[in-house]
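Here the structure is laid out as structure tokens; the discussion comes afterwards.
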Amino acid sequence: FQRTEAPRPPGAKDVHAYPWDKSSLKSMPVDLQQFKKLDAYALEVNVKNSVEELVKALLKQARTDLEKVRAIWMWICHHIEYDIVGYHNKSQRLCKPRDVLRMGKSVCEGYAELFEHMCSLAGIQCKKLSGYSKGYGYETGQTFTGDSDHAWNAVYLEGRWHLLDSTWGSGSVDKTFTKFTYRYNEFYFLTHPALFINSHFPDNSNWQLLQPTLTLKEFENNMLYNSSFYTLGLLAAHPETPIIQTVNGKASVSVDCRAGTLFMFKLMGTDKHGLMTLKKHGMKLDIYPQQTGSHKLEIFAKPSKAEASDDVYNCVVEYVVECESVDTAVRFPKALHQPVGPSWFSERHGFLRPSHREPVLHTNDGRCSLTFTLGRDISVLTSLHADDSSLAEDISRQHVLQIHRGNQIELKVHLPHAGNFVLKIYSKKKSDPGSYDYIFNYLLRCLNTEVKWPPFPQTYSNWQHDYEILEPLSGLLPANRNVRFKLKMHGIAQVLVEAESTHRLTQNRDCWEGTCSTSGCTEVVVMVRQNANHNYYTHVLKYQVETQ
């Protein structure tokens, strides 16, 4: 082992600019692919009898100082667990490197001392630092007083000081602080100082390695971004203060990111009191707490192309929302699913060029129409939901009519009454026999209490998706009336409308037209004969007739 000289204090050439320039997550260029073999080797080293022997074994595969530090880091993060008993009980706490190695566990102090000792044996300058941290038990907006509560390290590599925290690199403790789980976290290895200051405030401000340095007050007031915020490639959250006040019962939050990230949120543990929309480079969220007081708002994210293994949402940032007054007018239907409205996600599933890009549609007369260009081979299903609606699901489905023209789809909606409705849109590949997948939804709002639209006619499975009803659009026909029919259908030999008596429609270019009397019947059925040589008919549409 070579002796290391006394560490020099940090100076001008060690500092990085604050705030973070959004470039690298680390304070020096590191190619993790190049560490693959070394990492695998370090994990397998199994020496517990002395720190010297352990370092000797680890250095067999490490040539540069960076590789030596990496091997020591990897070994500690995967072989020393957090000592929960020692945390709660000072008399049982062991922090001397020899004891930490023998027991295989310690608190942050022991991690940092073992790291410092192993580095010095390897001839690398390393310093144990202490200070305040926003770790276990931290409450948003709290102040820090008294003794420091955490320890970490600085290492000297390639002429500069760098920061790392092997305690936080090794795993995490559950909320009740009774169980430690190994969960390796790359983020805390040579973390960029402008990101490290987010959660670590050293007793000696020179060890922030920043220009300008932050005051304790700034540290206390700054947002805490979780490490997954950065590892998921998120760039910023607004507002940049952790405590937000509602204005007239509403608060807004947004996150900027690189493309293709999915988000969710929880306000008081639920996502029912907000409206979140996905943007190409982030998300926007408006929340309306339904109680006054202070509430926790958590924002979660995951990459959209997640491998099955990491297909989980990680909490990336937390706010405290202080609500002075409740906006009771804003209530979202239970069926509303976050995010709301079209986005890159619905586009990826074949719903292109939406006529309505906003998540909420206001209609005064209870009618609205949405159009999309559909990707190839896509079959669409819709459903309509309202909290206070007595409509059965099959009837509510009939309040949305699909009209296809080439690769365009129009969704016509006629609301049965005033209120808030959720229009859910599902799809599947036509060639796929499986079930439909939920893709996205809209919030439809109608305040006009006069509104009372009947459902559209009921369609049967033989109604082709490119057929079109021109009239009557209402599925409820007036009694004792001659009703005019005009249906756009192709490839058909004959069309009959069956009421009390049967009426033939005549073909006029691509339309079938005619009239039918509704007297003396409760329903009207449209039937088609597809082939002139066959004499059997199939049902395609059914209308109800108003009762006297």
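The values are calculated or read from the model by the stated rules, or taken from the named source; none is laboratory data. As the structure is a computational prediction, the values presented were derived from the model and not from experiment. Neighbour counts are summed over all protein chains in view; Cβ atoms, including those assigned to glycine, are modelled from backbone coordinates with ideal geometry. In case anyone asks, the SASA skips ligands and DNA or RNA and just uses the protein heavy atoms, side chains included. Shrake-Rupley method; radii C 1.70, N 1.55, O 1.52, S 1.80 Å.
At a glance:
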{"item": "Given charges at beta-carbon only (K, R positive; D, E negative), |dipole| of the chain in Debye", "result": "1000 debye"}
{"item": "Using alpha-carbon coordinates, inclination of helix 108-121 to the longest axis of the chain, degrees", "result": "60 degrees"}
{"item": "Prolate/oblate/rounded call for the range 344-446, Cα gyration tensor, a/c under 1.5 rounded", "result": "prolate"}
{"item": "The range 401-499, dipole about Cα centre (Lys/Arg Cβ +1, Asp/Glu Cβ -1), debye to the nearest 20", "result": "100 debye"}
{"item": "Residue-normalised accessible area of the chain, expressed per residue, 1.4 Å probe, Å²", "result": "49 Å²"}
{"item": "Cysteines not pairable in the chain (beta carbon separation under 4.7 Å absent)", "result": "Cys77, Cys95, Cys108, Cys257, Cys315, Cys323, Cys368, Cys446, Cys511, Cys516, Cys521"}
{"item": "Tensor-based shape of the range 179-248 (alpha-carbon gyration tensor, a/c under 1.5 rounded, otherwise prolate or oblate)", "result": "oblate"}
{"item": "Under 15 Å, Cα to Cα: Lys pairs in the range 266-340, sequence gap 8 or more or different chains", "result": "9"}
{"item": "Counting all C-alpha pairs of the range 458-545, share separated by more than 18 Å (%)", "result": "36 percent"}
{"item": "Summed residue charge, Cβ within 12 Å of Asn420's Cβ, Lys/Arg positive, Asp/Glu negative", "result": "+1"}
{"item": "Entry for Cα Rg over 2.2 N^0.38 Å (calculated from the structure that is shown) out of (i) 1.36; (ii) 2.19; (iii) 1.14", "result": "(i)"}
{"item": "Cα shape, the range 289-399, gyration tensor, a/c 1.5 rule", "result": "oblate"}
{"item": "Separation of alpha-carbon centers, the range 355-420 and the range 296-348, rounded to whole Å", "result": "23 Å"}
{"item": "Packing rank of 179-186, 198-205, where each peptide gets the mean count of other beta carbons within 10 Å, highest leading", "result": "198-205, 179-186"}
{"item": "Length-normalised contact order for the chain - Cα pairs under 8 Å, 6+ apart - percent", "result": "8 percent"}
{"item": "DSSP-assigned coil residues among GluC sites (Glu not before Pro) in the range 193-253, each with at most 13 further Cβ atoms within 10 Å", "result": "Glu240"}
{"item": "In range of the label at Tyr536: residues from the range 494-521 whose backbone nitrogen is under 20 Å from the point 7 Å along Cα→Cβ", "result": "494-498"}
{"item": "Karplus (6.51, -1.76, 1.60) ³J(HN,Hα), θ = phi - 60°, over the range 462-473, in Hz, Gly and Pro reported as x", "result": "7, 6, 5, 5, 9, 6, 9, 8, 8, 7, x, 7"}
{"item": "Percent accessible area from carbon and sulfur atoms, the chain, protein chains only, probe 1.4 Å", "result": "48 percent"}
{"item": "Local electrostatic count at Lys90 - Lys and Arg +1, Asp and Glu -1, tallied over other residues with Cβ under 14 Å", "result": "-3"}
{"item": "The chain, helix-only ellipticity at 222 nm - DSSP H runs n ≥ 4, -39,500 (n - 2.57), divided by all residues, nearest 500", "result": "-4000 deg cm²/dmol"}
{"item": "Part-to-part distance (alpha-carbon centres) for the range 210-276 and the range 443-516, which is given in Å", "result": "52 Å"}
